[in-house]
Amino acid sequence: MTDDLFADEPPQPREEVLCRGAVVLRHFALEQEAELLEAIAEVTASAPFRQMQTPGGYIMSVAMSCCGQWGWVTDRSGYRYQSTDPETGQPWPTMPDIFRKLARDAAETAGFRGFEPDACLINRYEPGAKMGLHQDKDEDDFTRPIVSVSLGVPATFQFGGSRRSDRPLNVMLASGDVVVWGAEARRFYHGVLRLKQARHGLTGELRYNLTFRRAR
Ligand code: MD3
Ligand code: FE
């Protein structure tokens with residue numbers, strides 16, 4: 001079934017399998033867009049967005065914040081999870097219940113029951129921001145999935161394989177789309193192309209991405 005632009009019903013969630021272990025849940029979070037954005041505003045009122053430095057000395061174009069028990073940080077000494085915000089010295093804000101439940105429900109829909117994230121990384125993209133191809137490997141247990149939620153301006157996501165040289169697949173991720181990455185897809189290279197200038201009714205020119213992880 002395809003969505004009718006003129007229908008008065010919200011678009012129905014649809015599942016697209018990218019490869020074994022990776023499922024796009026189109027529109028899964030669409031009805032919660034506004035509430036999720038409010039929760040992002042609350043979290044980032046106490047843990048403000050910041051552009052961190054990579055171990056190699058570059059400033060990331062994506063601004064980040066975190067909530068939950070663990071937050072992902074990077075600086076000249078490396079990438080790691082830590083329980084406090086290096087900017088404030090305070091524990092990261094509590095993960096909002098709406099975040100926790102969405103991550104759990106999406107994981108379950110994709111076949112991973114009982115997902116309890118202890119970390120949520122919040123990425124904010126301005127026009128021109130990008131994320132180069134990388135693997136997420138700072139977590140303890142790769143049998144746990146990662147759940148990602150896209151909000152705001154759409155982006156082209158690149159999804160490769162287990163080697164950096166594997167040619168990536170381009171996937172458009174729009175507001176409300178949720179992706180669950182488990183099994184072997186959990187280790188695959190991925191990135192986001194430069195955000196194009198565009199407007200979204202709730203976020204203006206910005207794109208947000210939530211990634212829910214089990215760090216420990
Ligand atoms: C595939 N974020 O924060 S979300 C990241 O849109 C990150 O901000 C991107 O990559 C973003 O690390 C992509 C999709 C995603 C997230 C984690 C993954 C895909 C993944 C982990 C393993 C495999
Ligand atoms: Fe990643």
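The values are calculated or read from the model by the stated rules, or taken from the named source; none is laboratory data. Here the structure is a predicted model, which is why all the values come from computation and not from measurement. FYI the Cβ positions are ideal-geometry reconstructions off the backbone, even for glycines, and counts take in every protein chain you see.
Details
- Number of residues in region 108-158 that are farther than 20 Å from residue 216 by Cα, more than 11 Å from ligand 2 (Cβ to nearest atom) and either modelled with pLDDT under 95 or among the hydrophobic types (A, V, I, L, M, F, W, C) (or both): the value is 6.
- Cβ separations smaller than 7 Å between residues 6+ apart or across chains give the following pairs from region 83-97 residues that are under 10 Å from residue 73 (Cα atoms) to residues that are β-branched (Val, Ile, Thr): 86/73.
- Exactly one residue out of 119, 129, 185 is near ligand 1 (Cβ under 8 Å from one of its atoms), surrounded by 15 or more Cβ atoms within 10 Å (Cβ to Cβ) and of a type in the set (A, V, I, L, M), and it is 185.
- In region 171-190, the residues that are away from ligand 2 (no atom under 11 Å from the Cβ), within 13 Å of residue 111 (Cβ to Cβ) and in contact with a Pro (Cβ under 7 Å, 6 or more places away or on another chain): 180, 182
- Residue in region 43-65 that is in a strand (DSSP E or B) and small (Gly, Ala, Ser) present: yes
- Candidates 164, 124, filtered to the one that is within 16 Å of ligand 1 (Cβ to nearest atom), over 19 Å from residue 40 (Cα atoms) and of a type outside the set (Phe, Trp, Tyr): 164
- If you go through region 66-82 and keep only what is part of a loop (DSSP other than H, G, I, E, B) and either exposed (fewer than 14 other Cβ atoms within 10 Å of the Cβ) or within 16 Å of ligand 2 (Cβ to nearest atom) (or both), you end up with 76, 77.
- Residues that are surrounded by 16 or more Cβ atoms within 10 Å (Cβ to Cβ) and closer than 18 Å to residue 70 by Cα within region 103-116 comprise 103, 104, 115, listed in sequence order.
- Failed criterion for residue 98 (all others in (1) loosely packed, with under 14 Cβ neighbours inside 10 Å; (2) of a type outside the set (S, T, N, Q); (3) over 21 Å from residue 15 (Cβ atoms); (4) more than 10 Å from ligand 1 (Cβ to nearest atom) hold): (1)
- Residue in region 159-166 that is within 13 Å of ligand 2 (Cβ to nearest atom) and over 27 Å from residue 69 (Cα atoms) present: yes
- When region 132-156 is limited to residues that are within 10 Å of ligand 1 (Cβ to nearest atom) and acidic (Asp, Glu), the one that is nearest to residue 200 (Cα to Cα) turns out to be 136.
- Residue satisfying condition, being modelled with pLDDT of 95 or more and either touching a Pro at 6+ places or on another chain (Cβ under 9 Å) or of a type outside the set (Lys, Arg) (or both), within set 15, 9, 31: 31
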